[in-house]
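Data first, discussion second: the structure below is written as structure tokens.
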Amino acid sequence: LTPQARTVVSTVVFSTGAWLAAVLLFRSVLRLLLSYHGWMFEPHGHISRSTRLWMALMKIMSIRKPLLYSFQSSLPKLPVPPVEATITRYLESVRPLLDDDKYAEMVVLAKEFQEKTAPRLQRYLHLKSWWTTNYVSDWWEEYVYLRGRSPIMVNSNYYAMVRGWGSEGTPKPLRGLPRRHHQAMMALGVVPMCSYQSERMFNTTRIPGKETDTLLHLADSKHLAVYHKGRYYKVWLYYGGKVLPPADLELQFQRILDDPSPPQPGEERLAALTAGERVPWAEARARFFSRGPNKTSLDAIERGAFFLTLDEEEHGQEPNTPRCMDAYAKSLLHGRCYDRWFDKSFTLVVYKNGKVGANAEHSWADAPIVGHLWEFMLAMDKFQLGYTEGGHCKGDPNRQLAPPQRLQWDIPPEGIAAIESSLRVARALADDVDFCCFPFSTFGKGLIKRCRTSPDAFIQISLQLAHFRDKGSFCLTYEASMTRLFREGRTETVRSCTAEATAFVRSMADPRSSRSERQRLFKTAAEKHQQLYRLAMTGSGIDRHLFCLYLMSRYLGTQSPFLARVLSEPWRLSTSQTPQQQLKMFDLNKYPDHVSSGGGFGPVADDGYGVSYIIAGENLITFHVSSKFSSSETDSQRFGRNIRQAMLDIAGLFD
């Protein structure tokens with residue numbers, strides 16, 4: 001090379017190396033900053049100097065307008081907690097639930113595990129944490145969700161509903177396709193949260209297998225699958241290389257609504273296969289849907305962006321209709337057991353009266369991700385896209401578009417029999433679900449904060465009081481928290497039934513306990529709950545660590561009576577808070593009727609309750625309570641009344 005050429009090459013190599021080094025240094029520094037969680041443990045109203053310095057550095061290092069995945073490579077890994085700390089916290093969590101003899105037995109099992117079995121399992125778990133992005137998430141997805149052989153309808157899938165949206169009385173209940181472009185999710189405006197789960201929001205389907213299911217995810221899909229009156233359609237979302245505008249989508253959906261053709265044999269109830277047991281569905285799929293027109297049509301459903309049901313029923317929240325939300329919830333959770341494709345990442349349900357809802361499959365993401373999409377979609381629909389006075393989408397449709405493609409099926413009698421068999425299983429499960437959904441509007445987070453208490457802690461302690469009044473006992477309680485401060489983080493369990501919470505509940509049942517004593521016990525219980533929530537969010541929870549230690553023991557062929565006991569304990573009260581206003585696309589105070597009613601899920605235990613709640617604004621909390629009719633120990637309506645009264649009684653302590 002000539003001297004000039006050598007100079008150019010050297011400059012390019014040096015510049016490239018310097019640029020790469022700067023990028024790596026930036027990511028390393030940002031990852032180090034994001035590993036600091038002291039801000040979460042600061043006392044209310046007080047910020048330490050170290051946290052102030054950290055916040056200043058974060059603002060300097062952060063991107064001005066970050067997109068959804070801007071921080072992914074800079075997020076820290078979920079740490080593996082010390083075994084001693086996890087076992088200590090576990091024993092503390094079960095102490096109020098066990099008598100002295102059973103607790104002493106558990107202490108012996110825990111000590112034996114900690115001294116003999118745990119060190120080897122922990123070493124292997126540390127190795128796994130080094131070569132995987134997240135030491136929990138891959139196992140959690142596989143063993144908690146994909147390897148489950150029971151129906152995912154009710155048992156795993158969950159739903160989302162709306163409160164004020166919908167064109168009541170409008171004959172055009174049609175919505176545009178939600179965009180896929182979002183801003184990064186930030187805590188405190190400076191701390192990014194992992195957005196990995198959002199990658200599979202669209203173009204994702206759960207595929208049944210005999211031993212384990214798999215997730216089919218495509219980089220893109222140019223169509224969606226639509227169900228109406230027992231018929232399946234393929235609707236193209238692009239024309240001339242561009243996404244169809246809402247007016248064109250309305251035209252296509254109206255063509256489906258106007259189609260008078262009847263369902264083909266076996267077509268109407270086909271989706272019941274996705275609602276029943278997983279093994280029969282896997283066998284039927286391989287036998288009847290692996291070739292010919294059935295495979296082509298099934299591919300159109302499974303490879304669609306998402307699934308849309310144009311439902312002929314009318315549901316929604318109506319102030320003068322008792323238990324309307326209960327019927328709304330049941331419709332979204334299971335419908336008729338054959339009019340939602342439960343394997344799709346989500347099924348969007350549009351009712352005849354213009355109300356909407358969604359049913360989401362759980363393995364690909366947790367509820368806050370769907371909540372993120374839900375807020376964006378509804379706010380975009382109401383405040384940016386809008387409708388004409390006649391209820392139509394704005395703009396002129398392109399009437400030259402080819403009509404939606406009707407999917408063709410050739411299902412033999414044996415295939416129809418398999419569909420009917422799955423439908424019987426699904427209907428038995430759906431008919432057993434008892435729902436009580438209600439808005440609590442006596443007060444909301446405004447009053448709770450004036451009590452100098454976390455709204456979530458207030459509600460969780462209210463649930464403990466309500467459960468004690470409902471069943472006369474305490475139980476192992478699951479509250480889902482998120483670990484999205486870490487890369488590919490999903491959830492962790494907060495064990496809400498603490499010794500402090502049970503002490504407060506017992507004081508409420510003791511007429512000798514004074515008001516001041518109850519206040520003191522409540523504040524102690526609330527502080528304890530907040531501490532547990534912080535620990536769970538920052539990677540120091542109990543259950544995911546024990547779950548992974550258990551799986552490691554199975555891989556290594558090691559028996560552990562302690563882990564076997566821990567993993568067999570039933571969660572008779574499973575709870576979750578639906579986040580609200582993850583996006584600031586409109587002013588909730590200005591449009592209070594456009595708050596979401598949240599969503600819910602089925603009971604985790606046959607003799608237990610599932611409770612979801614959304615703290616919406618200053619004066620509204622919506623509860624979704626589920627249980628099973630077949631259990632003599634539960635009654636969703638009764639528990640709902642107990643929740644209302646518990647909330648009022650605790651608030652009364654601070655009048």
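The values are calculated or read from the model by the stated rules, or taken from the named source; none is laboratory data. This is a predicted model, so every value here is computed, not measured. Every residue, glycine as well, gets a Cβ built from its backbone with ideal geometry; the counts of neighbours run over all protein chains shown. The protein model used for the area step is the full one, side chains on, heavy atoms only, and it has no ligands, DNA or RNA in it. Shrake-Rupley method; radii C 1.70, N 1.55, O 1.52, S 1.80 Å.
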Between D431 and S10, what is the label-point separation in nm under the 7 Å Cα-to-beta-carbon projection? 8.5 nm
Out of F440, Y478, A365 - ranked by how far each Cα lies towards the positive end of the dipole of the chain, with unit charges on the beta-carbon of charged residues - the top one is A365
Once you have the Cα-Cα distance between K295 and L653, take 0.36 nm times their residue separation minus that, and quote the gain in nm to one decimal. 122.6 nm
What is the gain in length, in nm to one decimal, between R506 and Y555 on full extension, counting 0.36 nm per residue of separation less the C-alpha to C-alpha distance? 13.3 nm
Which distance in nm do the two modelled labels at V107 and T212 give, with both placed 7 Å along the Cα-to-Cβ direction? 3.9 nm
Label the range 180-273 by shape, choosing from rounded, prolate and oblate, from the square roots a ≥ b ≥ c of the eigenvalues of the Cα gyration tensor; if a/c is under 1.5 it is rounded, and otherwise prolate applies when a/b is larger than b/c, oblate when it is not. oblate
Those trypsin sites (Lys or Arg not before Pro) in the range 300-380 that DSSP places in a loop and that have at most 14 other beta carbons within 10 Å: R323, K352
Separation of the range 36-86 and the range 241-297 by C-alpha centroid, Å? 45 Å
Which shape class, rounded, prolate or oblate, goes with the chain when its Cα gyration tensor gives a ≥ b ≥ c as root eigenvalues, a/c under 1.5 marks rounded, and past that a/b bigger than b/c marks prolate? rounded
How big is the antiparallel share of DSSP beta bridges in the chain, given as a percent to the nearest 5? 75 percent
Ranked highest first by the average count of other Cβ atoms within 10 Å around their residues, in what order do 291-298, 271-278 fall? 271-278, 291-298
Taking 0.36 nm per residue of separation between L24 and R565 and subtracting their Cα-Cα distance, the length gained on full extension comes to 190.3 nm
Counting only protein heavy atoms and a 1.4 Å probe, tell me what percentage of the chain's accessible area is made up of carbon and sulfur. 54 percent
The range 485-591: relative contact order from alpha carbon pairs under 8 Å, six or more residues apart, as a whole percent, is 26 percent
Other-chain or far-sequence residues with amide H under 5 Å of C497's (modelled H): T477
Before anything else, pin down the relative contact order of the range 1-125: Cα pairs under 8 Å, at least 6 apart, normalised by residue count, whole percent. 24 percent
Collect residues whose amide H, placed 1.01 Å from N in the peptide plane, falls under 5 Å from the amide H of T309; neighbours closer than 5 in sequence don't count. Y227, L348, V349, V350
Heavy-atom accessible area per residue of the chain, all protein chains kept, 1.4 Å probe, expressed in Å², is 44 Å²
Here, Q400 and S514, labelled 7 Å along Cα→Cβ, have an inter-label distance in nm of 8.4 nm
Given 567-577, 533-543, the highest-first ranking by average Cβ count within 10 Å works out to 533-543, 567-577
May I ask you to work out the translational diffusion coefficient for the range 1-152 at 10 °C, viscosity 1.306 mPa s, via Stokes-Einstein with Rh from the Kirkwood sum over Cα pairs, reported in whole µm²/s? 76 µm²/s
Distance between the C-alpha centers of the range 610-655 and the range 458-525? Whole Å please. 13 Å
Computed from the beta carbon distance with a Förster radius of 25 Å, FRET efficiency for V279 and E633 to the nearest 0.05 stands at 0.25
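Take the alpha carbon gyration tensor of the range 584-655, find the square roots of its eigenvalues, order them as a ≥ b ≥ c, and report rounded if a/c is under 1.5; if not, report prolate when a/b exceeds b/c, else oblate.
oblate
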Which listed pairs, of K449/K523; K210/K330; K234/K295; K59/K449; K352/K382, have C-alpha distances above 23 Å, in listed order: K210/K330; K59/K449
Say the dipole of the chain comes from +1 at the beta carbon of Lys and Arg and -1 at that of Asp and Glu; which of P192, A526, Q405 then lies farthest toward its positive end? P192
Result row for the chain, helices from DSSP H with C-alpha axial extent 30 Å or more and mean Kyte hydropathy at least -1.0, is 3-34
How much mean residue ellipticity at 222 nm does the chain get from its helices, if each DSSP H run of length 4 or more adds -39500 (n - 2.57) and you divide by all residues, to the nearest 500 deg cm²/dmol? -12500 deg cm²/dmol
